[in-house]
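The values are calculated or read from the model by the stated rules, or taken from the named source; none is laboratory data. Predicted model, so just to flag it, every value in this text is computed and none were measured. Heads up, the Cβs are rebuilt from the backbone with ideal geometry, glycines too, and the neighbour counts pull from every protein chain shown.
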Amino acid sequence: MQPYFFPYIGYFQLIAAVNLFIVYDNIQYTKNGWINRNRLLRNCEAAMFSLPLKRASDYLDVRDRELAADFKPEKLLNQLKGAYGRAPQFAEVFPLIERVVRHDESNLFRFLHHSIRAICGFLRIGTEIRISSGIAIDHTLTKQNKVIALCRAAGAATYVNASGGVDLYSKEEFHAHGIELRFIRSQPFEYPQFGDCFVPLLSIIDVMMFNPVDVVRERIASGYELI
């Protein structure tokens, strides 16, 4: 799975649902994707927040991208504080956000890898997380072939992906290699935000700011179905 910056709850449901989670570092950076940005709540609407990156080729892998030299953690923290300073779980969650945003690392992948592990620790998700380049396969493989090679190298009997990948993979091809292909589909999760509005599918920050941590953990553990 690609690394994302404070991704939505379904990302952590996927991590929690498996025994081994492989996060890609040697995959091409996707411009305008979710690798270095996500959405928060502002005035009952979704608003973007992001990590600024050093100017570089769009063809570089995630592990070869760097945060911009003028990245100011305080500016991002103030943006998040302005959005959620009045949220019921702010006092408990914001120290975690500060640790992630102030992490002393300029490499994009290592910064994101640290953030994913920090959030998993906070949510008590104990799944083993491995980095793709550290697994002995032919890394010139791409797409489905690379996934199958990673599964075989890890000795996996089942591969689970987000439901958005249904059209990207062939159950028959996985079965031919002795691997069951499953998909995880998050169930709708609506909770009180500010006022009468509800904006779904925001960053995990939004979920944690408005729900006690035990509720978030329970939702991650059971608020999905495998198809």
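When the residues of region 197-222 are narrowed to those that are free of Cβ contacts under 8 Å to residues at least 60 places away in the same chain and not hydroxyl-bearing (Ser, Thr, Tyr), which ends up farthest from Met1 (Cα to Cα)?
Phe198
Could you check Thr140 against (1) modelled with pLDDT of 95 or more; (2) β-branched (Val, Ile, Thr); (3) more than 22 Å from Asn19 (Cβ to Cβ); (4) within 21 Å of the chain's Cα centre (by Cα) and say which number it fails?
That leaves (4) as the condition not met.
For region 169-206, what are the residues that are at pLDDT 95 or above, more than 19 Å from Phe12 (Cβ to Cβ) and of a type in the set (Asp, Glu)?
Glu172, Glu173, Glu180, listed by residue number.
When the residues of region 1-20 are narrowed to those that are among the hydrophobic types (A, V, I, L, M, F, W, C) and either at pLDDT below 95 or under 11 Å from the mean Cα position of the chain (by Cα) (or both), which ends up nearest to Ala136 (Cα to Cα)?
Met1
Counting only residues that are surrounded by 13 or more Cβ atoms within 10 Å (Cβ to Cβ), aliphatic (A, V, I, L, M) and assigned to a helix (DSSP H, G or I), which one in region 154-168 is modelled with the lowest pLDDT?
Val166
Only helices (runs of 4 or more DSSP H) wholly contained in region 1-119 count here; list those with 1 or more residues that are of a type in the set (Asp, Glu) and without any contact (Cβ under 8 Å) to a residue 40 or more places away in the chain.
73-84, 90-101
Can you find a residue that is within 24 Å of Ala56 (Cα to Cα), surrounded by 15 or more Cβ atoms within 10 Å (Cβ to Cβ) and out of contact with any helix residue (DSSP H, G or I) (no Cβ under 9 Å at 6 or more places or on another chain) anywhere in region 91-111?
No: region 91-111 contains no residue that is within 24 Å of Ala56 (Cα to Cα), surrounded by 15 or more Cβ atoms within 10 Å (Cβ to Cβ) and out of contact with any helix residue (DSSP H, G or I) (no Cβ under 9 Å at 6 or more places or on another chain).
Which count do you get for residues in region 183-196 that are under 14 Å from Leu226 (Cα atoms), buried (at least 16 other Cβ atoms within 10 Å of the Cβ) and not aliphatic (A, V, I, L, M)?
2
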